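Working notes, beginning with the structure itself.
The values are calculated or read from the model by the stated rules, or taken from the named source; none is laboratory data. None of these values were measured; they are calculated from a predicted model. When we count neighbours, we look across all protein chains shown, and the Cβ atoms used for this are built from the backbone with ideal geometry, even at glycine.
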Amino acid sequence: MDKPLIPKDEFPIFRNNPSLNFLDSAASSQKPESVINAMDEFYSTTYANIHRGMYKLSEQSTNLYEKAREKVAKLINAKPNEIIFTKSATESLNLLAYVLEPKSYAVSVMEHHSNFVPWQFMAKARKKPISYIDIDDEGFFRKLPKAGLYALSAASNVLGTINNIHGLCDEIRDNKGISVIDATQAVPHGKFDVKKEGCDFTAFSSHKMLGPTGIGVLYAKEGILDNAKPFLFGGDMIKSVSVEGTEFSDAPYKYEAGTPPIAEAIGLSAAIDLLEKTGMENIRNHEMALTKYAMESIENIKNISYYGPKDPRKKAGVISFNVSGMHANDVAYFLSAKNIAIRSGHHCAMPLHRRLNITGTARASFYVYNDKSDIDALADALGKLNFR
Ligand SMILES: Cc1ncc(COP(=O)(O)O)c(C=O)c1O
C-alpha cells in the first residue's frame, strides 16, 4: 500500500501527468506501456483481417486473436469456446437480453444501467413479469424471488459490495433459473472463477482491467446458447448461406458477426499478462488495504459520510461518499483543481441512488497504480473543503 503494485512509470499517462492522483478506475483504468506497445506492434507488423485470409499475415493475426480468447478463458477458468468477444460489457448484457427468452425476470436495484435497462425493456416489450431484488443498507441482496432469469452484479460500482455469487448461483439453479452475472467490477480486481461461482453467463469489459476500450467479454457456459437465436447477422457467423436459408456457426462465432476488435483482443491479452504477473490475489489484497485506509482516512473528516459495507473484506476498491450541504459534482470540481480525479453523480445506477434516498455520490476508486499517497491527497483536500 505504501507504493503502487505496478509502478506508475509503467503507465505513460502518469509520466505525462506526474502530479495526477487518479481515483476513477471503476469508470475506466489507465493503460500500461505493455498494452499500448502490444497493439502498436501488432498494427505495425502483423495486422490483417482474421478467419478468412489464406495468406500468412491473416493466419498470424487469427492465431493471436484466438490466443487472446484462450488467455481470457484461462483467467476466469472457462474453455475458449465459452468466451464471446463483444464491444463492451454493455453489449454482452444487451446481447443476452435479446437472445434469451425467459418466462420472467429478476433484477437487483443495485445494478448498473447496462444490467438493468435491457432486462426492463425486454420484459415490457415481451409482456413478461419482472421483479426487482431489494438490498440491505450495505448493498447485500435480500431474498431472491422465483424467476426464469436473474441479472445480478458480482460487485457494485457504487457501494463496492461483494455479494456471495456462488451461493446466489446455487439458489438460482435450485429455482431452475438462469444466472447472468455482471462481473465488470470483479474480474479486474481479483480471482474470479466462473466454474467455482457456478454462473451461466458473466460479462465484463477490457477497459477496466488495463486493456483497451472497444472490447468486452461474454462468458456463456458451454452449450447454453446452442438453441438461442443470433444477435447480429453478417460475415463470420455462418456455416453456409444460400437463397434457401442460412446455417449459423456455433458459439462463440455465432455471436461474433463482422470484423471483430482484433487489435483490442491483442491489447487485452497483454493486459491479462500483466495482471497475472502481478497476481490477482495480490491485486485484491492491495485494493483491500487501500480501501481500509481510505475509509479510516475520510471517516474522521467532519460532514462526510460514506456508503456501502464497513468491512473492507466485503467491499471492492470503491468508496462513494457525500459531503453534507454540498453537491457531489461540486466536490469533484473542487478535487479536480487539485489534480485529483474522482467520479460524481449517479454512476449509471439511478435505481440504487433512489433506494438510498440520495441523488448522487462522489466516488473514489482504486487500482494497481494507486498507493497511500493518492488517498492522503484525497483526505487532505477533503479536510480543507470542510474548513474553507
Ligand atoms: C458494474 C458495471 N457494469 C457494467 C458496466 C458497463 O461497462 P461498459 O461501459 O464497459 O460497457 C459498468 C461500467 O461502469 C459497471 O461498472
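Overview of values
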{"read-out": "Residue within the range 255-269 that is over 30 Å from S34 (Cα atoms) and not acidic (D, E) present", "value": "no"}
{"read-out": "Residue match in the range 60-76 (condition: acidic (D, E) and either out of contact with any Leu (no Cβ under 8 Å at 6 or more places or on another chain) or in a helix (DSSP H, G or I) (or both))", "value": "yes"}
{"read-out": "First in the range 49-60 and touching a residue at least 60 places away in the same chain (Cβ under 8 Å), second anywhere and of a type outside the set (S, T, Y), Cβ under 7 Å, 6 or more apart", "value": "I50/I262; H51/D236"}
{"read-out": "Qualifying position, being farther than 28 Å from S108 by Cβ, assigned to a helix (DSSP H, G or I) and at pLDDT below 95, among L378, L385", "value": "L385"}
{"read-out": "Cross-chain or 6+ apart pairs with Cβ under 9 Å, the range 173-189 first and over 30 Å from K277 (Cα atoms), then within 11 Å of the ligand (Cβ to nearest atom) and at pLDDT 95 or above", "value": "S179/A151; S179/L152"}
{"read-out": "Residues satisfying the stated conditions in the range 192-211, i.e. touching a helix residue (DSSP H, G or I) at 6+ places or on another chain (Cβ under 7 Å) and either buried (at least 22 other Cβ atoms within 10 Å of the Cβ) or closer than 22 Å to Y253 by Cβ (or both)", "value": "E197, C199, F201, T202, A203, F204, S205, S206, K208, M209, L210, G211"}
{"read-out": "Looking only at the range 1-50, and only at residues there that are under 20 Å from S336 (Cβ atoms) and assigned to a helix (DSSP H, G or I), the one that is nearest to the ligand (Cβ to nearest atom)", "value": "I13"}
{"read-out": "Sole exception among (1) over 18 Å from R363 (Cα atoms); (2) more than 16 Å from the ligand (Cβ to nearest atom) for P312, by number", "value": "(1)"}
{"read-out": "Conditions (1) in contact (Cβ under 8 Å) with a residue 40 or more places away in the chain; (2) in a helix (DSSP H, G or I); (3) away from the ligand (no atom under 13 Å from the Cβ); (4) within 22 Å of M209 (Cα to Cα): number failed by I84", "value": "(2)"}
